[in-house]
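Every read-out reported here was derived from the displayed coordinates using simple, explicitly stated rules and does not represent laboratory data. What you see is a predicted model; the values in this text were computed from it and never measured. All Cβ positions, glycine included, derive from the backbone under ideal geometry; neighbour counts span all protein chains shown.
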Amino acid sequence: MKFNLFIFTLLLVTGCAPYGPEELDRLIKEDPQFRQMIQFRDIIHAEARLIKDDLLGRKKAMDAQIEKLRSEYDGYAKAQNVKIEKFEMTIAANRNALKREMDTASAAIAAKEKELEGYQKTLADVQHVLKESKGITLSVQERQKWEERVLMLSEKIRPLSEEIQNLKIQNKLRKRKISFLK
């Protein structure tokens, strides 16, 4: 119990702080093997410091290289993105030109279909008059004129129908082309 009291008193006097340099000097003088341990510790600490300094230096150098590479990449990427935008604008311009051509052709189709409808109605009316001319007597000359009119209308209708069909086919092709320009 006296021994425990001595340790307790020693701890109170010295505190819980680590031992000072005087204590280390005393232990080194007393124990040559401990001196070697301390010397080895100092060497290890020095080498560890050198390694940490080397690592820090390498990290800073690598960080600088990475920053330089990142900066070079950013510049390169901006230039390439400008090229891509120009390419995409060219594609969009081509797509828009095809859409305008489609709109123009659609308007032409509508106008030609209206014209065709008028011819077809007139042709139907003329054929109706020729077939059902009850009570109306047509001379051979008049009948021939009406038949010439039927022939003339038929000759106008056929190429107009073909032209409308051709415009519709062209618009279908334009629509396909536009779908490929996405």
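Of the options [x] 164; [y] 311; [z] 125, only one is volume of the Cα convex hull per residue in Å³ as computed from these coordinates, and that is [y].
With contributions of -39500 (n - 2.57) from each DSSP H run of at least four residues, the per-residue ellipticity at 222 nm computed over the chain stands at -33500 deg cm²/dmol.
Here the spin labels are modelled as points 7 Å beyond Cα on the Cα-Cβ line, and at residue 24 and residue 120 they lie 10.9 nm apart.
Backbone phi angles across the range 163-171, fed through the Karplus curve with coefficients 6.51, -1.76 and 1.60 (θ = phi - 60°), yield HN-Hα couplings of 5, 4, 4, 5, 5, 5, 4, 4, 5 Hz in residue order; Gly and Pro are listed as x.
Using the Karplus relation 6.51 cos²θ - 1.76 cosθ + 1.60 with θ = phi - 60°, the per-residue 3J(HN,Hα) values for the range 83-93 come to 4, 4, 4, 5, 4, 5, 5, 5, 4, 5, 5 Hz, with x marking Gly and Pro.
Overall, the anisotropy analysis places the range 23-71 in the prolate class: the square-rooted eigenvalues a ≥ b ≥ c of its C-alpha gyration tensor yield a/c not less than 1.5, with a/b exceeding b/c.
Using only side-chain charges placed at the Cβ, +1 for Lys and Arg and -1 for Asp and Glu, the dipole size of the chain relative to its Cα centre rounds to 880 debye. Each part reduced to its alpha carbon centroid, the range 71-85 and the range 93-116 end up 39 Å apart.
Here the gap between residue 78 and residue 129, fully extended at 0.36 nm per residue and compared with their Cα-Cα distance, gives a gain of 10.8 nm.
Between residue 143 and residue 168, what is the FRET efficiency for a Förster distance of 41 Å, r being their Cβ-Cβ separation, to the nearest 0.05? After rounding to 0.05, the efficiency reads 0.65. When the chain is treated as a GNM with alpha-carbon contacts under 10 Å, the residue of 162, 47, 22 showing the greatest mean-square fluctuation is 22. Computed from backbone phi, the HN-Hα couplings of the range 147-159 come to 5, 5, 5, 4, 4, 4, 5, 4, 5, 7, 5, 4, x Hz, rounded to whole numbers (Karplus: 6.51 cos²θ - 1.76 cosθ + 1.60, θ = phi - 60°; Gly and Pro given as x).
Cross-link partners of residue 177 among aspartates and glutamates, defined as those whose alpha carbon lies under 20 angstrom from its own and excluding same-chain residues fewer than eight positions apart: 88, 101, 103.
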